[in-house]
Amino acid sequence: MPGARSCSGWRTRPAAPRAAISRLQTILVGDSGVGKTSLLVQFDQGKFIPGSFSATVGIGFTVMLLGDSGVGKTCFLLQFKDGAFLSGTFIATVGIDFRNKVVAVDGVKVKLQIWDTAGQERFRSVTHAYYRDAQALLLLYDITSKMSFDNIRAWLTEIHEYAQKNVVIMLLGNKADVSSERAVRTEDGASLAREYGVPFMETSAKTGMNVELAFLAIAKELKQRAVQPLDEPHFQIHDYIESQKKKTSCCAFS
């Protein structure tokens, strides 16, 4: 039974279940400048924003956040999208929610559509339907919850069953700021990541530690896959993450 939760843990107030919403997609097409973005803003926000818009970014990717309920996926997304940690309570995500953010990667604007997924078992079938549309998956566990870490293998099994074969996967140990309550050692997370051949880092949605690095590393990997000629050396996401973590400011990117 899901309940209200904060970015740093659970509370006891139960959340009323809601029926999953059917998945529908509509695509706006037409020449640049005909007003597609304004039309979407009018529908989404019910208002017209005067002024000029930059042309919609031409390269974009879908990133999914996965992991047990309560590991901090929603707060992780909000920290990246808005640069803020909201300490109030949240109702556990129902089905799928999403946010968009444009980031600069090597001088190229890349649009990330980030899907925040429900971690509860009863919504798992809804989540499965979205796996194959994602180019990257950020798999989170809570370093203060051994159970959330133990369940990572089950999540990886689902990923290998439902996701694209070449999907980019990153393992993240979230809530690293709560070191006094640590239940999972950093070396255990790193060892599991090596076993599955995926990059790993610990993060904190509260302090912002490595949050932007995680998304930008994913964006750089996906952008390189999309535009890099086959005869050029392949981008190494593991090496990139390690080099950025060693810098004084891991979030200063050119």
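Laboratory data are not the source of any read-out in this text; all were calculated from the coordinates shown. Predicted model only: the values in this text are computed from it and were never measured. With ideal geometry, Cβ positions are generated from the backbone for all residues, glycine too; neighbour counts draw on all protein chains shown.
The figures follow:
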quantity: Over 18 Å between alpha carbons, listed pairs Lys101/Lys245; Lys223/Lys246; Lys73/Lys206; Lys109/Lys223; Lys111/Lys220; Lys220/Lys245; calculated: Lys101/Lys245; Lys223/Lys246
quantity: Alpha-carbon Debye profile of the range 60-245, log10 I(q)/I(0) at 0.08, 0.09, 0.11, 0.13 Å⁻¹; calculated: -0.23, -0.29, -0.44, -0.63
quantity: Selection from Leu192, Ala134, Phe98 lying farthest towards where the dipole of the range 60-245 points positive, charges on Cβ; calculated: Phe98
quantity: In order through the range 139-150: 3J(HN,Hα) via Karplus (6.51 cos²θ - 1.76 cosθ + 1.60), integer Hz, x for Gly, Pro; calculated: 9, 10, 10, 9, 5, 9, 10, 4, 5, 5, 6, 4
quantity: Highest-first arrangement of 62-68, 149-155, where packing means the average Cβ count within 10 Å; calculated: 62-68, 149-155
quantity: Summed side-chain charge close to Ala219 - residues other than Ala219 whose Cβ falls under 13 Å, Lys, Arg +1, Asp, Glu -1; calculated: +3
